[in-house]
Amino acid sequence: MRGFRWPPPPDGGPRTWGPGPGGPRTGRPALPEPETDLVTTPHGVRLERLVTGTGDPVTVFAHGLGNGIATTRPFGSGVTGRKVFFQFRGHGRSDAPDGPWTYVDLARDLRAIADLGGATRAFGASLGAGALCGLLAESPERFEKLVFFLPAVLDEPRGAHARDRVRELLEAVESGDASAVADVVAQELPAVVRNTPAGWAYLRQRLDQLLRDGLAADLATLLEQTPLHDPSALAAVTAPALVIGCAGDDLHPVEVAERLAAALPQATLQVYDRPGVLWTDRADLRERVSSFLNE
């Protein structure tokens with residue numbers, strides 16, 4: 001990758017004395033990994049889970065493909081009540097039962113964690129947004145509030161570019177080659193963030209998790225599938241929903257967010273004007289999500 005260096009600088013960036021580059025740093029710090037537990041679901045699949053916060057309401061957070069608890073935790077930082085984060089099958093320490101898998105399986109994972117935690121609100125990112133759609137098609141009244149962040153697919157499979165990117169990640173993780181994994185993960189970062197202390201901190205965290213826990217090969221079976229046959233299946237969902245998309249995001253086409261918002265009767269659509277919103281509009285994004293869920 002152009003302009004990419006591996007291994008990274010010590011502590012995520014260069015150290016110098018005096019003012020200037022050695023002064024206080026800003027950016028996206030990596031959250032420390034807390035202790036998680038494994039819970040056995042009614043359908044027999046053990047899933048890794050983290051519960052934070054106290055009281056009601058309870059919000060469940062569902063991550064994207066190849067991501068996990070660490071990447072969804074920032075979305076819950078300003079959300080009141082209890083937050084339930086988990087890893088879908090094939091991610092982290094969660095079980096990886098024999099495939100092939102479908103969005104029905106992911107919806108079952110999400111439902112089990114939500115039911116066990118007493119969640120009344122749900123947040124789904126990318127793959128998690130698809131799983132949430134599948135759950136709602138079966139149980140439209142399951143949640144009181146909904147957030148969909150960068151939905152990747154609705155009733156049409158992912159595009160070729162997105163499928164290739166996911167396969168590259170799965171192959172790199174399977175190889176165990178840190179440099180290969182870093183090359184793929186670094187593509188998640190906007191160009192202006194790469195080779196910055198914040199970028200290196202994020203990259204280190206992602207690599208530590210991926211190389212430690214791996215990703216199940218059966219995740220590739222999801223790439224040709226969709227959570228819905230027809231978006232009209234969501235017409236009975238009456239809960240208020242916030243749908244967030246980004247213009248120019250090849251992995252999460254803004255058209256998917258627009259069609260999802262149109263299919264949900266009580267949806268508000270927010271489209272950011274450039275990709276990499278977690279880096280470029282992080283404060284606004286977190287405030288928007290927490291305000292919607294807390295009001």
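The values are calculated or read from the model by the stated rules, or taken from the named source; none is laboratory data. Just so it is clear, the structure is predicted and the values come from calculations on it, not from any experiment. Note that we place each Cβ from the backbone using ideal geometry, even for glycine, and neighbour counts take in every protein chain shown. The protein model used for the area step is the full one, side chains on, heavy atoms only, and it has no ligands, DNA or RNA in it. Shrake-Rupley method; radii C 1.70, N 1.55, O 1.52, S 1.80 Å.
Going by the structure shown, is residue 144 in contact (Cβ under 8 Å) with a residue 60 or more places away in the chain, surrounded by fewer than 22 Cβ atoms within 10 Å (Cβ to Cβ) and in contact with a strand residue (DSSP E or B) (Cβ under 9 Å, 6 or more places away or on another chain)?
yes
For first residues located in segment 47-66 and touching a residue at least 24 places away in the same chain (Cβ under 8 Å), partners that are part of a loop (DSSP other than H, G, I, E, B) and basic (Lys, Arg) and lie 6+ apart or on another chain with Cβ distances below 8 Å form the pairs 47/89; 48/93. In the condition set (1) in contact with an Asp or Glu (Cβ under 7 Å, 6 or more places away or on another chain); (2) surrounded by fewer than 23 Cβ atoms within 10 Å (Cβ to Cβ); (3) under 22 Å from residue 235 (Cα atoms), residue 150 is compliant with all but (2). At pLDDT 95 or above and open to solvent by 40 Å² or more (accessible area, probe 1.4 Å): does that describe residue 233? Here the answer is yes, as residue 233 does meet what is asked. Taking the conditions (1) open to solvent by less than 20 Å² (accessible area, probe 1.4 Å); (2) assigned to a strand (DSSP E or B) in turn, residue 200 satisfies each one other than (2). Taking residue 105 and the conditions (1) farther than 23 Å from residue 57 by Cβ; (2) in contact with a helix residue (DSSP H, G or I) (Cβ under 8 Å, 6 or more places away or on another chain); (3) open to solvent by less than 40 Å² (accessible area, probe 1.4 Å), which numbered condition does it fall short on, given that it satisfies the others? Here residue 105 clears every test but (2).
Kindly provide the set of residues from segment 230-251 that are closer than 14 Å to residue 158 by Cα and out of contact with any helix residue (DSSP H, G or I) (no Cβ under 8 Å at 6 or more places or on another chain), ordered by number.
249
Of a type in the set (Lys, Arg), at pLDDT below 95 and part of a loop (DSSP other than H, G, I, E, B), is that true of residue 25? Yes: the conditions hold for residue 25. Go through the residues of segment 129-138 one by one and say whether even a single one is surrounded by fewer than 23 Cβ atoms within 10 Å (Cβ to Cβ), out of contact with any Pro (no Cβ under 7 Å at 6 or more places or on another chain) and at pLDDT 95 or above. Checked against the condition, which is being surrounded by fewer than 23 Cβ atoms within 10 Å (Cβ to Cβ), out of contact with any Pro (no Cβ under 7 Å at 6 or more places or on another chain) and at pLDDT 95 or above, segment 129-138 yields at least one hit. For segment 227-255, a residue qualifies if it is in contact with a strand residue (DSSP E or B) (Cβ under 7 Å, 6 or more places away or on another chain) and not in a loop (DSSP other than H, G, I, E, B), and the qualifying residues are 241, 242, 243, 244, 245, 246, 254.
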